[in-house]
Every structure is written in C-alpha cells, then in structure tokens.
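**Student:** Please see the structure below; I have some questions.
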Amino acid sequence: MSLLRSPQVISFQTKPQPSFNKNFELLIRHLHEMKAAGFETYICSENPKQFDRLAAIFKELKADVQFLPVQVPIHEGFIDEDLKIEVLTDHQIFQRYHQYKIRQGFSKDTALNYRVLRELAPGDFVTHIDHGIAKFAGLQTIEIGGQKQEAVRLNFKNNDIVYVSIHSLHKISKYLGKEGDTPQLSKLGSDAWKQLKARTKKKIKDIAAELIKLYASRRAAKGHAFPLDDVLQTELEASFLYEDTPDQYKSTQEVKSDMEKPYPMDRLICGDVGFGKTEVAIRAAFKAVSDGKQVAVLVPTTILALQHWRTFTERLVDFPVTVDYINRFRTAKEKKDILEKLKSGKIDIVIGTHALLGKDVGFKDLGLLIVDEEQKFGVASKEKLRGFKVNVDTLTLTATPIPRTLQFSLMAARDLSVIRTPPPNRQPIHTEIRVFDEDLIQEVIHTEVNRGGQVYFVHNRVNDLPKIVETLKRICPETDVAMAHGQMDPEHLEKVLVDFIDRKFDVLACTNIIETGLDIPNANTIIINRADMFGLSDLHQLRGRVGRSNQKAYCYLFAPPMSVLTQEARKRLKTIEEFTDLGSGFQVAMRDLDIRGAGNLLGGEQSGFIADIGFETYQKILDEAIQELKETDFKDIFQEEIAQKGNYVRDVIIETDVEMLIPSEFVTNTQERLNLYTELNSIENEEGISAFTQRLQDRFGKIPSPVNALFDGLRLQWICKKIGFERLILKGGKLRCYFLGDPQSSFYNTDHFHILMAFMQKHGRIMGISLKQTNKELILVQDEVRSLKAVKSLLEQLTTALA
C-alpha cells in the first residue's frame, strides 16, 4: 500500500504575539502601528471583565485604540500576515499563566449556597414566629375553594392545628434551644407567646442599641475616602494568576466601595480556607498604598507573618510598594530599623503579630488595617485593636467566624462578604473519624508519600511530641520526619518549616502551630491526634491546611471511642466529618453556635429567652429589632440605607383559591417537596426562578401548571413588597390588597405613598379598583379578577406609576 503524498506545501505567514512586558505604552504604540498597516486586532479572554479593565487602562492613558473583544480563551496569541489579522490574549498582555480549566464547581449556579442546614422531619419541634412552639407534622394537601394546595401542618398544645401556606415557610424554623431541653408547646389563642416575644424584643433592643451606637459612632467618624481605581490597580487585578471566582469579584468590589466612602470601613470577609481571601486583602492594601497611605496586616502567628510577607511580596513585585514584616524571628536591630522606617513612611505595608499593637509602633499615615483570623487574638489585643480602629478602614478575614462576630455580621452591625465559591478544580477533603492505629498511620503515610505528597501529623502536647516522632520513624523508617512546635528556638523553627515547604521532609509532626496560614499545596494528608481535644474552628482550620491544590486530600481525626467522649466533643467531631463540602466554613460556624449553646451570644441573661423561643426565632426577632431601631431611633444614620432599600414591607402573606403546589405525582418524595418549597421561598428575582425551573425540568421533566402558579405567587409577593402591601387575598374572583398594618409607619409619609394615592385617584375608576378604609386598615379592592396573571398585570401598572 503506497502512502498518499502531496507535492504541495502549505505555508502559513504567521508570527507569535509580541511580548509587551505589561508596558501599556508599548502595547498602545503596537496597536497604532498594526492599524496603520491595515491589520484588524482581536483580543481573546475567557473573562469579559478583562476587556473592561483594558478599556479602563486605555482611557486613563488617553489612548484612542480599537480592538474587537472575543470571549474565548486561546493558549497563545498570533499575527496572520495573509489575513491581515492579529489575535492577542489577555493573559500574555498581563503576563498571567494560561490554565486549561474544567468549568466544574465554578459557575454562579454551582456556587455553594447557604444550604438548608436544618431539614425538618415529622415530630421535630418548630417555632412559628406568630403562634409559638409546635410539633411539625409534615406536608398536607388541603382544598381551598375547590382547588388543591399544599400546606405545612403544625400541632400545638391541646392538639390544635395550624396549616401554614407554602408561601409563608420562612415563618417556621426548627427549634434550637439548649441541647436536651424539651420545649413547652404553645397554646393557640393565648397572649403568652406575644408577651414573651415582646419581652425578648425589648431586651434585645437595649443590647442592639448599644451595638448600633458603636456602629453609628464609626459611621459618624471622619474616615479617609479613597479615590476610584487607577491604572495600576486595574493592572494588579488583571495580573492575578487565576480567574476570580464570582464571590471573590463581588467581595473585592464591596471592599473597594467601602474604602471609597467618607466614613471608616469595617468589613468581615468570611471565606473558607484557601478560597482567595488573601488576594482580596492584597488588592485592598494596594488601593490604600496607591493613595499614599500605609497598611498594617495583623496575623496571629509568626509563621503566618512570614508566609503573608512572601505572598504579598511576590504578588506586588512589579509595583512600587515596600513590604516588610515583624515577628519574633527578627533581631532587635532589624525591629528597630523597621519601626523607624514605619514612622518615616518608608514602609508601605507591614505584616506582623500582636507586636504591631505595641506602644513603640508608630505610623506616618496608617490608612488600612487588615486583621487575619480575628478569633485567635486575646481580649487584651482586641481592646488595643479597637483603639486602633476608630478612624482607620478595617478589613477582617476569617475562615470560621467566632459565633458572636458572625451573629452581628448577619444582623448588620457589621458588613459581611462571604466567599463560598471554591476555586476551579478543588475537591472536598475526605474526612474520617478513627481510633489511633499504627497500621492505618503506616498505610496513610505510605500512600501519600508514594504519590509525591507530604503529611502533617498534629499532636497538641509539646511534651509527648518527641515520642510521636520516634513512633512515626519506627513505623515508617524510610520517610523523613521533622518536628515543629512553638517552644522551639525561633530560627530553628523557621528553618524546619521552610525546609518542609521546600519538600526536604515527608512528614511534619507538629502542634497546631500550623493551624493558621501555612500554605503548602504539596501536603495533602493530615492526621490529627486526640481530635476531641480541639475546638470546632481549630479542627476546621487544621483540615484546611490540606487540599489546597487539585489533588484529592485526606483528613483523619484520631480520637478515643465515641462512647467515652463528652456530648460536646462527639458533636464537634460529627460536625467536622459531616461538613466536608467546599465552603463549609460558614456552616461550621452556624453549627458552632448550636454547640456552644447560644446563651453566650449576647450575654448570659439571653439564654433564658433562647430556651423559650428557639434560636432561629430569637435571631429573627433580633433582626427585626435592629431593623426597627434603624428606622426609628437611628434613622438619621441609616437614612441612605433605608432610602436605598425602600421596602417597608418585610413579609407578604398571599391567600388564594388558585391551585398552586408541587403535585405529588410530579415530585413523589415528601421531604424533597418540602426542600423545594423552602428553596423556592428564598428566591428573590427572575434569574432565580429560571435557574430553579431549569433544575426542576432536568430532574423531574415538564413543569405542570400548578408549579407555574407557584412562581406567579412568588412574583406577586415581590411586587406587593415594592408597592407596600402586607397581604393579598384572591378568592372567588375578588381581590383585596392590604397596605401596611402599622398606621405610625414612616411609609405613609413617603413620596412613594403619595404618588400611589394620586395615581389611584386619577386612574382607579378606569382600572376598576377602589380604596377602602377601615378603623385599622387601608385596602385596595377589585371585584372581578379572572386569574393570577390579571392581578400581576394590575399591580405592575402601579409599580410603573411609582417608577
């Protein structure tokens, strides 16, 4: 068989993309030359934000250049002489690596949502915010006006029953009181629950008012308003080696927006270990330095100071920024030198442990304080921090927030950004609880070392650590074992850790000194001995030391048999084993609240209330109390926020005889239907509905009309909130919409309300609507309504008038 050979040679007149070394003047000159030579320029990027960044840089450099954006990643750019086109890539312009990405685990839809942590099972105690404590009795199909609907059945004292509409599921929460306490069921029709709620709210208001005063004094304080991003800031962000995850991008924007405000920032970034909080901090620090301010980065351990110094220095190497660090490894002479440079402004960013809070530390012009892992600092350090923080922008980074911090962040006494999306290609960490077993240790270490990785063996008692090292050397004689703990000579400790980072050892036997910030992508197995002796956030942090690359990581928790452990320790271990999902730091902190007994949340006197009403309801009342304080006693401070929100209605009740439910023949599993209702209840916009619809279709097939009616009900709730209706009743073709029930509400003094009234007086007759005033309520009435769609159309006319 002869091979076909073609005499024809095809030659391509192409050249690779020229190198610009991040010199934008050079790039602009090149683009002008190519245009003059008749070439068309395309720039390829996977991330559309890169085009905006380039456009911003060209605009700032006053360059009139044109390019055609192409949202497709290619490996390398090229110039084609025959076709007269050049194709450039953003990653070569900004000198980033081009990574082949698997898009899994990365889109907005798959960002880890704050899951329903507390699924309900029949027989569970629940709290209904209006009626009190009941037993959950599952979903039940009921008939209203001849149409089927599903509702949640609650059993109260004396077997009284309340059916809760699936549109009001947010009013029910699982009862979480003190562990082991059985709550009293509430009696329907008595005032006891109302009074208990009122007492709780008053108590909360007193405490919350103190908190808001703190927050308010910061709002009133004069801070430094940083200018908008400049060309260097844009360049720094574009040169990040990886693509921002959606949450990372959002957090960066929130931090920068806070810095641009005239009062001091106080933002908490809660992101799981290794999810890119440090990158957000670097960008914030650079923004401060670009405006001539200094930055202090406060970290809990000496090793972390060293690692952060490495990270910051590497990331800012191409920019005119001086970074230094202070920890106990520095000599007295070095420290003195650094302190002098700080005072004279020769150091832009200083990283250090609590030594930075000392009396002898002075800054020329401090503009930003970044605190990493706040919960690791003692009370005294935190007090000093508060003095530091008054006029300085503060950014706190944490992987498992301490419950109290988490609480007030959730309650808006502090601004909170959550990074839940894992970086691409990250895998959850396989976690197992085991009893100490030498054979298992040997197998685990061999497996990890044979795949070219390294192992941490954590044992938190310095006295026994040498024995542990001997044991490890005995059972794995061919591996190199190093030892590290906080009582070692500082130079020696630093050398051991740096050697481990440089892969000179296979196993590091250590105390929890590695807990914060050691970033070694090659170490992917961790064994924690006597894991029952560690706190929850410590375990979560320790586990976060592994799994920092795309390798599968393993965590083994060694503890005595469960039967001999305390209930608290059992729960801690179970929690850490349960939440192995990426981004579970937030969930771990939520569970931490349950374990510690929520009593210490706002001081001891609160625990009584929490036992009576359940933790989540307590949280709702706390939220309500803070919102009320914002709208009354502190309305001057939160003017901007209230005006922005513009929604005076928190909750809309919809009662209708239209058939709206998820039919049991469509989704047969009851628990699954309940989960879907709960998820539906938390959707806030059309994108959410379409994503939810898509998922339903993928899993269960064509969407039946009662489910579409559910979506319409949800849309009506949103529109009612915008207009100012608390309740909508559509039964027997008659529509009744009830305005806010509180006649004292500032809603009735707003332009919004006056415009609405004027519009109804002018067009009400044509639209077939009228207003009815009773002693307590103002009601919009329409007597002939054919469908939910007709109601939606009518209400949309009102919102258009408001717009």
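The values are calculated or read from the model by the stated rules, or taken from the named source; none is laboratory data. For clarity, every value in this text was computed on a predicted model and none was experimentally measured. Reconstructed Cβ throughout: ideal geometry from the backbone, glycine too, with neighbour counts over all protein chains shown. Remember, those area values only see protein heavy atoms, side chains included, never the ligands or the DNA or RNA. Shrake-Rupley method; radii C 1.70, N 1.55, O 1.52, S 1.80 Å.
**Student:** Is it the case that some residue within region 445-464 is modelled with pLDDT of 75 or more, over 23 Å from His485 (Cβ atoms), among the polar types (S, T, N, Q) and within 31 Å of the chain's Cα centre (by Cα)?
**Tutor:** Residues of region 445-464 modelled with pLDDT of 75 or more: 445-464.
Pick out the ones that are also over 23 Å from His485 (Cβ atoms) and you get 446-447, 450-452.
Those left that are additionally among the polar types (S, T, N, Q): 447, 450.
If we keep only those that are within 31 Å of the chain's Cα centre (by Cα) too, we end up with none.
No, because not a single residue in region 445-464 is modelled with pLDDT of 75 or more, over 23 Å from His485 (Cβ atoms), among the polar types (S, T, N, Q) and within 31 Å of the chain's Cα centre (by Cα).
**Student:** Listed residues Phe240, Phe226; which is of a type outside the set (Gly, Ala, Ser) and more than 24 Å from the chain's Cα centre (by Cα)? Working first, answer last.
**Tutor:** Working: Phe240 fails: more than 24 Å from the chain's Cα centre (by Cα).
Result: Phe226 is the single residue among Phe240, Phe226 that is of a type outside the set (Gly, Ala, Ser) and more than 24 Å from the chain's Cα centre (by Cα).
**Student:** Moving on to the next point. Only one of these conditions is not met by Met767: (1) in contact with a helix residue (DSSP H, G or I) (Cβ under 6 Å, 6 or more places away or on another chain); (2) open to solvent by less than 40 Å² (accessible area, probe 1.4 Å). Which number is it?
**Tutor:** In the conditions (1) in contact with a helix residue (DSSP H, G or I) (Cβ under 6 Å, 6 or more places away or on another chain); (2) open to solvent by less than 40 Å² (accessible area, probe 1.4 Å), Met767 misses (1) alone.
**Student:** Looking at region 559-597 only, could you name the residues that are modelled with pLDDT of 60 or more, charged (D, E, K, R) and in a helix (DSSP H, G or I)? Lay out the reasoning, then the answer.
**Tutor:** We begin by selecting, within region 559-597, every residue modelled with pLDDT of 60 or more; these are 559-581, 584.
Cutting the leftovers down to charged (D, E, K, R) gives us 568, 570-572, 574, 577-578, 581.
Answer for region 559-597, where residues must be modelled with pLDDT of 60 or more, charged (D, E, K, R) and in a helix (DSSP H, G or I): Glu568, Arg570, Lys571, Arg572, Lys574, Glu577, Glu578.
**Student:** Against the definition (touching a helix residue (DSSP H, G or I) at 6+ places or on another chain (Cβ under 7 Å) and of a type outside the set (Lys, Arg)), how does Gly271 come out, yes or no?
**Tutor:** When the stated conditions are applied, Gly271 passes them.
**Student:** If you take the residues in region 511-537 that are within 22 Å of Glu577 (Cα to Cα) and either polar (S, T, N, Q) or over 30 Å from the mean Cα position of the chain (by Cα) (or both), which one is modelled with the lowest pLDDT?
**Tutor:** Residue satisfying both the conditions and the ranking: Thr516.
**Student:** While we're on this one: State which residue is farthest from His752 (Cα to Cα) when the search covers only region 675-727 and only residues that are open to solvent by 30 Å² or more (accessible area, probe 1.4 Å) and touching a strand residue (DSSP E or B) at 6+ places or on another chain (Cβ under 7 Å).
**Tutor:** Arg727
Quick grid of which residues meet (1) assigned to a strand (DSSP E or B); (2) open to solvent by 20 Å² or more (accessible area, probe 1.4 Å); (3) among the aliphatic types (A, V, I, L, M):
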{"residue": "Pro466", "(1), (2), (3)": "no, yes, no"}
{"residue": "Glu470", "(1), (2), (3)": "no, yes, no"}
{"residue": "Arg474", "(1), (2), (3)": "no, yes, no"}
{"residue": "Val496", "(1), (2), (3)": "no, no, yes"}
{"residue": "Arg503", "(1), (2), (3)": "no, yes, no"}
{"residue": "Ala509", "(1), (2), (3)": "yes, no, yes"}
{"residue": "Ile520", "(1), (2), (3)": "no, no, yes"}
{"residue": "Asp532", "(1), (2), (3)": "no, no, no"}
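**Student:** Take region 60-99 and flag every residue that is within 33 Å of the chain's Cα centre (by Cα) and either in contact (Cβ under 8 Å) with a residue 60 or more places away in the chain or in a helix (DSSP H, G or I) (or both).
**Tutor:** Glu60, Thr89, Asp90, His91, Gln92, Ile93, Phe94, Gln95, Arg96, Tyr97, Gln99 - these are the residues of region 60-99 that are within 33 Å of the chain's Cα centre (by Cα) and either in contact (Cβ under 8 Å) with a residue 60 or more places away in the chain or in a helix (DSSP H, G or I) (or both).
**Student:** Can you tell me which residue is nearest to the chain's Cα centre (by Cα) among those in region 769-787 that are at pLDDT below 85 and closer than 17 Å to Gly733 by Cβ?
**Tutor:** Ser787
**Student:** Cβ-Cβ under 7 Å, sequence separation 6+ or interchain: first residue in region 349-366 and more than 17 Å from Lys336 (Cβ to Cβ) and open to solvent by 20 Å² or more (accessible area, probe 1.4 Å), partner modelled with pLDDT under 85 and outside any helix (DSSP H, G or I). Which pairs?
**Tutor:** His354/Phe377
**Student:** Only one of these conditions is not met by Ser173: (1) in a strand (DSSP E or B); (2) open to solvent by 70 Å² or more (accessible area, probe 1.4 Å); (3) at pLDDT below 85. Which number is it?
**Tutor:** The failed condition is (2).
**Student:** What pairs come up if the first residue lies in region 9-37 and is over 22 Å from Asp318 (Cα atoms), the second is aliphatic (A, V, I, L, M) and assigned to a loop (DSSP other than H, G, I, E, B), and their beta carbons are under 6 Å apart, counting only those six or more places apart or on different chains?
**Tutor:** Listed pairs, sorted by first residue: Leu31/Val65.
**Student:** In region 228-241, what residues are open to solvent by 50 Å² or more (accessible area, probe 1.4 Å) and within 15 Å of Glu314 (Cα to Cα)?
**Tutor:** Hit for region 228-241 is Leu241, nothing else.
**Student:** Sticking with this structure for a sec: Given (1) open to solvent by less than 20 Å² (accessible area, probe 1.4 Å); (2) part of a loop (DSSP other than H, G, I, E, B), identify the lone condition not met by Gly292.
**Tutor:** It fails just one condition, (1).
**Student:** Of the conditions (1) under 18 Å from Ile576 (Cβ atoms); (2) open to solvent by less than 30 Å² (accessible area, probe 1.4 Å); (3) touching a residue at least 60 places away in the same chain (Cβ under 8 Å); (4) not hydrophobic (A, V, I, L, M, F, W, C), Gln454 fails just one. Which one is it?
**Tutor:** Gln454 satisfies all of (1) under 18 Å from Ile576 (Cβ atoms); (2) open to solvent by less than 30 Å² (accessible area, probe 1.4 Å); (3) touching a residue at least 60 places away in the same chain (Cβ under 8 Å); (4) not hydrophobic (A, V, I, L, M, F, W, C) except (1).
**Student:** Every residue in region 208-223 that is open to solvent by 60 Å² or more (accessible area, probe 1.4 Å) and either among the small types (Gly, Ala, Ser) or not in a helix (DSSP H, G or I) (or both), please. So that I can check it myself, show each step before the final result.
**Tutor:** Just the residues of region 208-223 that are open to solvent by 60 Å² or more (accessible area, probe 1.4 Å), to begin with: 210, 213-214, 217, 220, 222.
Ser217, Ala220, Lys222, listed by residue number.
**Student:** Could you please give the count of residues in region 40-91 that are within 20 Å of Leu241 (Cα to Cα), open to solvent by 60 Å² or more (accessible area, probe 1.4 Å) and touching a Gly at 6+ places or on another chain (Cβ under 6 Å)?
**Tutor:** 0
**Student:** Looking only at region 146-163, count every residue that is surrounded by fewer than 17 Cβ atoms within 10 Å (Cβ to Cβ) and not in a strand (DSSP E or B) and tell me the total.
**Tutor:** 5
**Student:** Name the residues in region 390-409 that are crowded, with 18+ Cβ neighbours inside 10 Å and either at pLDDT below 75 or under 14 Å from the mean Cα position of the chain (by Cα) (or both), would you?
**Tutor:** Thr396, Leu397, Thr398, Ala399, Thr400, Pro401, Pro403, Thr405, Leu406, Gln407, Phe408, Ser409
**Student:** Could you check region 324-348 and list, in sequence order, the residues that are surrounded by fewer than 16 Cβ atoms within 10 Å (Cβ to Cβ), without any contact (Cβ under 8 Å) to a residue 12 or more places away in the chain and in a loop (DSSP other than H, G, I, E, B)?
**Tutor:** Thr331
**Student:** Which ones in region 434-444 are open to solvent by 40 Å² or more (accessible area, probe 1.4 Å) and within 36 Å of the chain's Cα centre (by Cα)? So that I can check it myself, show each step before the final result.
**Tutor:** Residues of region 434-444 that are open to solvent by 40 Å² or more (accessible area, probe 1.4 Å), as a first pass: 434-439, 442-443.
Scanning region 434-444 gives Arg434, Val435, Phe436.
**Student:** How about region 549-558: which of its residues are at pLDDT 80 or above and open to solvent by 10 Å² or more (accessible area, probe 1.4 Å)?
**Tutor:** Of everything in region 549-558, those that are at pLDDT 80 or above and open to solvent by 10 Å² or more (accessible area, probe 1.4 Å) turn out to be Gln551, Lys552, Tyr554, Tyr556.
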